[in-house]
Structures are given as structure tokens and as C-alpha cells.
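Enquirer: Before anything else, here's the structure in question.
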Amino acid sequence: MKLLEKLPKEDLQLLLDAPILVTILIGGADGDLDNDEKGWANKLAHIRANTEHSFLHDYYELASDKFDERLETIFATFPEDTDERCDMISEILSGLNDIYEGLDQNFVVELNKSLRSFAHQVAEASGGILGFG
């Protein structure tokens, strides 16, 4: 994906891990990232790799690669305490703002919309956030 080729490796990895981090943040907000949330997030990433707006197609194709394995690996690096984990993930995700400065603004807008939608769908996978919705 030419849009992302110029990014440093660490920045690219954070960008590609964003759907996973969103999954852990939203799905684990109730203290338990369950199999429904993990399974739906994995499926959703693959669906978006095949059907997403052309602007994000290549992004999701890269981000969905080994999604379930990367999700388990990344999740294991965070503390079990929900508040501590959420704070850490929020801090990590805030690093996207620096990366966004060097990217096409249309891509950034579409990606942010897509990640918000991704978060919403993960929340609904197991009865919504904290079981509501």
C-alpha cells in the first residue's frame, strides 16, 4: 500500500494493530474479552479486507493478516486489571495522532470512521458495552 510504505516500521505496526487494540479496549471494557468479541473482530477484519471502501481495502488486507494470532499475542502483553489495561491501550492509540500527521487526510478520516464502526460492532458482539446495547 503506497500510502503506508514510507512509514517507519513501528508506526506501520501500530496502524495495523489499531483494530486489535480497539477490540481489546472495547471488548475487554467489562473485564472479559470473550470468544464472541474476539471471533467477531477477526471475522469483521477479514470482511473489511474483502469489501471495505477501496481507500481502506489494502489497509484491512494487511491488518487482517493473522488477526486472531496477533490478537492473542497482544492481549497477553497487557495487565489483567481492566482499568490499567484500558489506560495503557488508550495511551498507545493516542500515538496514532502523530502518525496521522504524515498521512493523506482523506485516508485518516475514513480510517477513523472505520475504527469507530469497528469498535461499535465489537461492542455489540456480546451484548454491547458492559452488557448494554
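The values are calculated or read from the model by the stated rules, or taken from the named source; none is laboratory data. If you're wondering where the values come from, they're calculated on a predicted model, not measured in any experiment. No Cβ is skipped: glycine too gets one built from the backbone with ideal geometry, and neighbour counts run over all protein chains shown. These accessible areas exclude ligands, DNA and RNA; they are computed on the full protein's heavy atoms, side chains included. Shrake-Rupley method; radii C 1.70, N 1.55, O 1.52, S 1.80 Å.
Enquirer: Can you tell me how many residues in region 69-110 are modelled with pLDDT under 95 and under 19 Å from ASN42 (Cβ atoms)?
Expert: Qualifying residue count, region 69-110: 0.
Enquirer: Which one of the conditions (1) in a helix (DSSP H, G or I); (2) under 18 Å from HIS120 (Cα atoms); (3) open to solvent by 20 Å² or more (accessible area, probe 1.4 Å) does ASP32 fail to meet, given that it meets all the rest?
Expert: (1)
Enquirer: Assess whether LEU7 counts as being surrounded by fewer than 18 Cβ atoms within 10 Å (Cβ to Cβ) and either over 14 Å from PHE118 (Cβ atoms) or of a type in the set (A, V, I, L, M, F, W, C) (or both).
Expert: yes
Enquirer: Can you pull out every residue in region 61-80 that is open to solvent by less than 80 Å² (accessible area, probe 1.4 Å) and not in a helix (DSSP H, G or I)?
Expert: SER64, PHE78, PRO79
Enquirer: Condition first: touching a residue at least 60 places away in the same chain (Cβ under 8 Å) and part of a helix (DSSP H, G or I). Now tell me which residues in region 81-97 satisfy that.
Expert: ARG85, CYS86, ILE89, SER90, ILE92, LEU93, LEU96
Enquirer: On the basis of being out of contact with any Asp or Glu (no Cβ under 7 Å at 6 or more places or on another chain), acidic (Asp, Glu) and open to solvent by less than 90 Å² (accessible area, probe 1.4 Å), does ASP98 make the cut?
Expert: No: the conditions fail for ASP98.
Enquirer: Considering every residue within region 83-92, establish whether at least one is charged (D, E, K, R), open to solvent by less than 50 Å² (accessible area, probe 1.4 Å) and in contact with a helix residue (DSSP H, G or I) (Cβ under 9 Å, 6 or more places away or on another chain).
Expert: Taking every residue of region 83-92 in turn, at least one turns out to be charged (D, E, K, R), open to solvent by less than 50 Å² (accessible area, probe 1.4 Å) and in contact with a helix residue (DSSP H, G or I) (Cβ under 9 Å, 6 or more places away or on another chain).
Enquirer: From ALA41, ALA123, which residue is in contact with a strand residue (DSSP E or B) (Cβ under 6 Å, 6 or more places away or on another chain) and either of a type in the set (S, T, N, Q) or open to solvent by less than 80 Å² (accessible area, probe 1.4 Å) (or both)?
Expert: Of the residues listed, the single one that is in contact with a strand residue (DSSP E or B) (Cβ under 6 Å, 6 or more places away or on another chain) and either of a type in the set (S, T, N, Q) or open to solvent by less than 80 Å² (accessible area, probe 1.4 Å) (or both) is ALA123.
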